[in-house]
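In what follows, a structure is listed as structure tokens, so that the remarks can point back to it.
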Amino acid sequence: MKKLFVWLLAICHLLLVNSLFAGTEAYLILTASRLPSKFSDLTRQVTVITAEEISKMPINSVQEVLNYVSGADLQTRSPFGLQSELSLRGANFEQALILINGVRVDDPQTGHHDLTLPLTLKDIERIEILHGGGSSVYGADAFGGVVNFIIKKPKEKNLNFDFAYRDYQTKEGLFSGTFGRENFSQRISVEKKVSSGWFKKEGKKVTDFDFLIFSGLSQYDLRKNFSSPRFSLVYGYTDKVFGAYDFYSPGKDADSREWMKTKFVSLTVESKQQFFPQTKIYFRENDDRFIYKYSINYGINEHTSQILGIDSFLRVNSNFLFGSEILAESIVSTKLGKQRDSRWSLYAEYRDNYTEKLNLSAGLRMDTYSRYDQVLSPSFALGYSLRPEMKLLLSFGKSYRVPSYTELYYEDPANKGNAELKPEEAFTWEGGLNYQRRNYQSKLTLFQREHKEAIDWGRYSSSEKWQVRNIGRLKFTGLESESEIYLFSLRGKFKYSYLKATSEMPSGYQSKYTLRYPEHLFSLETTFLTIFGLQANLNGIYKKRYQEDGYFLLNSRVSKKFGFTTIYLDGLNLLNIKYEEILGVPQPGRWLGIGINWSYN
């Protein structure tokens with residue numbers, strides 16, 4: 001009866017205000033697929049978060065935006081985007097694919113580093129989230145979804161300075177600027193953050209951090225006519241050092257410390273000409289130095305991982321494309337040894353509007369690995385307009401993932417890898433209903449994802465090491481719902497997701513990641529104007545994990561604009577709740593701050 005009530009509540013959540021608002025359909029151009037689509041042609045659930053929406057959120061990093069995505073569970077070891085992992089629809093942090101301008105940045109060493117992004121909040125034009133499997137388009141790792149960070153194009157001159165001071169001696173400074181002339185334009189951002197940390201052990205700083213982000217986008221446009229190409233060079237660098245007390249070995253009283261340097265560069269050559277090969281060449285390197293017990297210099301790990309790839313495709317017409325991708329991965333590590341792998345891929349996408357009401361899309365990808373067997377990943381989706389403002393979406397897709405180098409070879413006093421791991425696969429079925437009017441829009445999605453040879457870190461008692469293994473079949477069944485309302489100066493977003501998993505593991509099995517999924521996720525975002533022209537944003541997040549107590553976090557931002565200058569007050573975890581995103585890694589309590597932003601266009 002309880003489950004039936006949850007399902008009925010979500011359906012009512014979608015349809016309750018069906019008759020309250022009237023208007024015309026809004027169109028949205030998307031690039032989450034390699035075949036751009038407008039809203040009326042969607043066959044998959046896609047979330048788009050714009051730069052304007054991001055600017056109003058009580059957040060301090062691009063990673064924290066993902067807290068407000070339906071079905072997304074951002075698991076943090078440290079705030080401010082320092083060490084975060086993303087779970088989508090219950091798929092763990094190794095099973096979410098992260099892109100920058102359509103380029104893969106997933107780390108072959110471990111998914112712990114996937115969200116180490118050389119991006120500031122001022123760089124983001126929008127964030128696109130493709131919900132559900134995406135391997136037929138983007139390849140490995142896309143189980144729960146694909147997150148694509150789209151960088152602002154340097155279209156006009158702009159200068160932006162931002163300074164903030166927060167609790168725990170946290171200081172932040174950011175500069176972002178855009179300039180150019182004729183066919184050349186340039187965007188550059190630099191950000192610095194330092195903090196003494198929210199937790200001390202015997203008077204010593206063990207969660208302090210100090211990091212630097214540099215990012216840039218250079219664009220050279222030869223478009224003297226329709227077919228002339230455009231060259232875009234994206235590059236970024238992060239340098240961070242932080243106290244990682246018990247981050248990866250909860251309960252071991254390990255005053256760990258970590259140093260990370262990440263370099264990223266991609267070159268894109270594109271043209272509107274129909275048979276021009278749209279090409280991306282990309283490179284990412286991550287240097288990671290980790291000391292398990294810093295006070296006695298014990299357990300030193302040093303890793304350098306690299307990915308180098310080229311991805312090119314041809315749009316034959318607006319309905320069909322085919323392409324190929326070559327990717328090389330490598331690592332040199334004191335713990336994992338020297339490893340090198342490669343893959344070669346062929347893929348194709350098709351989409352067509354058979355009638356005014358019916359849209360179909362399909363994809364097929366073949367990946368050939370140097371170490372593993374060849375993999376085929378198909379997908380199929382359709383959208384049918386029940387009414388001008390209401391659309392039904394149905395889809396099926398296969399996803400896959402090969403083990404990371406950490407899962408294969410890592411070992412320390414608390415964890416042990418497994419060189420005999422097999423790749424994992426997943427099959428996802430989903431159905432959705434989208435409704436949109438001028439002042440209101442809503443989405444409801446039901447899905448089921450079945451894993452084969454699922455990979456997880458687990459153990460049977462607290463005295464054992466965490467051991468990674470293939471745990472066999474695993475099934476997730478879930479629901480996602482989302483509503484957005486605009487009323488005068490009030491804007492509200494309400495998101496709820498429910499998830500249930502079944503596995504073949506016997507009772508007594510303790511899961512470190514895979515089976516710590518959020519049964520219930522709820523988020524609320526409100527923006528409204530108050531007296532004296534103050535803009536207030538109040539956001540709430542509720543999480544209830546499987547077999548764990550739930551918790552509610554309340555965050556807020558109040559701001560006032562004076563010409564080019566904006567002064568803002570931030571409050572994170574206003575209710576001072578004690579909680580853990582990663583089991584055994586406590587998170588900070590209330591964290592207040594004040595900042596000033598100066599922006600000139």
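The values are calculated or read from the model by the stated rules, or taken from the named source; none is laboratory data. Computed from a prediction, not measured in an experiment: that's the story for all the values here. Cβ: placed from backbone, ideal geometry, glycine included. Neighbour counts: every protein chain shown.
Structure above, values below:
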{"read-out": "Complete set of residues in region 257-278 that are in a loop (DSSP other than H, G, I, E, B) and free of Cβ contacts under 8 Å to residues at least 40 places away in the same chain", "value": "Pro277"}
{"read-out": "Qualifying residue in region 161-173 (condition: in contact (Cβ under 8 Å) with a residue 12 or more places away in the chain and touching a helix residue (DSSP H, G or I) at 6+ places or on another chain (Cβ under 6 Å))", "value": "no"}
{"read-out": "Residues located in region 556-595, provided they are in a strand (DSSP E or B) and more than 25 Å from Lys205 (Cβ to Cβ)", "value": "Ser556, Arg557, Val558, Ser559, Lys560, Lys561, Phe562, Thr565, Thr566, Ile567, Tyr568, Leu569"}
{"read-out": "Subset of region 33-59 that is surrounded by 21 or more Cβ atoms within 10 Å (Cβ to Cβ) and under 14 Å from Glu525 (Cα atoms) - its residue that is nearest to the chain's Cα centre (by Cα)", "value": "Ile59"}
{"read-out": "Single condition Lys500 does not satisfy, out of (1) over 22 Å from Asn539 (Cα atoms); (2) over 21 Å from the mean Cα position of the chain (by Cα); (3) crowded, with 19+ Cβ neighbours inside 10 Å; (4) not β-branched (Val, Ile, Thr)", "value": "(3)"}
{"read-out": "Sole exception among (1) of a type in the set (Asp, Glu); (2) at pLDDT below 90; (3) in contact with a Gly (Cβ under 7 Å, 6 or more places away or on another chain) for Glu85, by number", "value": "(2)"}
{"read-out": "Residue ranges of strands (runs of 3 or more DSSP E) in region 396-469 with at least 2 members within 30 Å of Phe488 (Cβ to Cβ), out of contact with any Ser or Thr (no Cβ under 6 Å at 6 or more places or on another chain) and touching a residue at least 60 places away in the same chain (Cβ under 8 Å)", "value": "424-436, 440-452"}
{"read-out": "Residue that is nearest to the chain's Cα centre (by Cα), among those in region 546-570 that are among the small types (Gly, Ala, Ser), surrounded by fewer than 18 Cβ atoms within 10 Å (Cβ to Cβ) and more than 27 Å from Phe93 (Cβ to Cβ)", "value": "Ser556"}
{"read-out": "Residue match in region 419-432 (condition: over 26 Å from Arg89 (Cα atoms) and not β-branched (Val, Ile, Thr))", "value": "yes"}
{"read-out": "Any hit, region 116-132, residues being part of a helix (DSSP H, G or I) and crowded, with 24+ Cβ neighbours inside 10 Å", "value": "yes"}
{"read-out": "Members of region 274-312 that are exposed (fewer than 15 other Cβ atoms within 10 Å of the Cβ) and within 23 Å of Lys200 (Cβ to Cβ)", "value": "Ser295, Ile296, Asn297, Tyr298"}
{"read-out": "Region 358-371, residues that are hydroxyl-bearing (Ser, Thr, Tyr) and either crowded, with 16+ Cβ neighbours inside 10 Å or not in a loop (DSSP other than H, G, I, E, B) (or both)", "value": "Ser361, Thr368, Tyr369"}
{"read-out": "Qualifying positions in region 400-439 - closer than 30 Å to Glu484 by Cα and either modelled with pLDDT under 95 or crowded, with 18+ Cβ neighbours inside 10 Å (or both)", "value": "Thr428, Glu430, Gly432, Leu433, Asn434, Tyr435, Gln436, Arg437, Arg438, Asn439"}
{"read-out": "Residue ID - modelled with the lowest pLDDT, chosen from residues in region 28-50 that are in a loop (DSSP other than H, G, I, E, B) and hydroxyl-bearing (Ser, Thr, Tyr)", "value": "Thr31"}
{"read-out": "Which listed residue is over 27 Å from Trp591 (Cβ atoms) and either in contact with a helix residue (DSSP H, G or I) (Cβ under 9 Å, 6 or more places away or on another chain) or assigned to a strand (DSSP E or B) (or both), from Leu538, Leu499", "value": "Leu499"}
{"read-out": "Failed item in (1) under 24 Å from Ile150 (Cα atoms); (2) in contact with a Leu (Cβ under 8 Å, 6 or more places away or on another chain); (3) not β-branched (Val, Ile, Thr), with Pro250 passing the rest", "value": "(1)"}
{"read-out": "Test set (1) among the small types (Gly, Ala, Ser); (2) surrounded by 14 or more Cβ atoms within 10 Å (Cβ to Cβ); (3) closer than 26 Å to Phe247 by Cα - Ser324 fails condition number", "value": "(3)"}
{"read-out": "Residue in region 200-221 that is modelled with the highest pLDDT, counting only those that are over 19 Å from Pro118 (Cα atoms) and assigned to a strand (DSSP E or B)", "value": "Tyr220"}
{"read-out": "Search result, residues across region 287-340 that are part of a strand (DSSP E or B) and free of Cβ contacts under 8 Å to residues at least 12 places away in the same chain", "value": "Tyr298, Lys338"}
{"read-out": "Qualifying position, being part of a strand (DSSP E or B), modelled with pLDDT under 95 and of a type in the set (Ser, Thr, Tyr), among Thr477, Thr526", "value": "Thr526"}
{"read-out": "All positions within region 176-199 that are acidic (Asp, Glu) and over 20 Å from Leu117 (Cα atoms)", "value": "Glu182"}
{"read-out": "Qualifying positions in region 541-555 - among the aromatic types (Phe, Trp, Tyr) and in a strand (DSSP E or B)", "value": "Tyr542, Tyr551, Phe552"}
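Results for (1) surrounded by 15 or more Cβ atoms within 10 Å (Cβ to Cβ); (2) at pLDDT 95 or above; (3) assigned to a loop (DSSP other than H, G, I, E, B); (4) out of contact with any Pro (no Cβ under 6 Å at 6 or more places or on another chain), shown as yes or no for each residue.
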residue: Glu156; (1), (2), (3), (4): no, no, yes, yes
residue: Asp162; (1), (2), (3), (4): yes, yes, no, yes
residue: Glu172; (1), (2), (3), (4): yes, yes, no, yes
residue: Phe175; (1), (2), (3), (4): yes, yes, no, yes
residue: Ser189; (1), (2), (3), (4): yes, yes, no, yes
residue: Trp198; (1), (2), (3), (4): yes, no, yes, no
residue: Arg223; (1), (2), (3), (4): no, no, yes, yes
residue: Tyr235; (1), (2), (3), (4): yes, yes, no, yes
residue: Asp239; (1), (2), (3), (4): yes, yes, no, yes
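So that you can scan it fast, the table gives a plain yes or no per residue for (1) among the aliphatic types (A, V, I, L, M); (2) closer than 22 Å to Thr406 by Cβ; (3) modelled with pLDDT under 95:
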site	(1), (2), (3)
Arg284	no, yes, no
Asp287	no, yes, no
Lys293	no, yes, yes
Ile296	yes, no, yes
Asn301	no, yes, yes
Leu327	yes, yes, no
Ser333	no, yes, no
Trp344	no, no, no
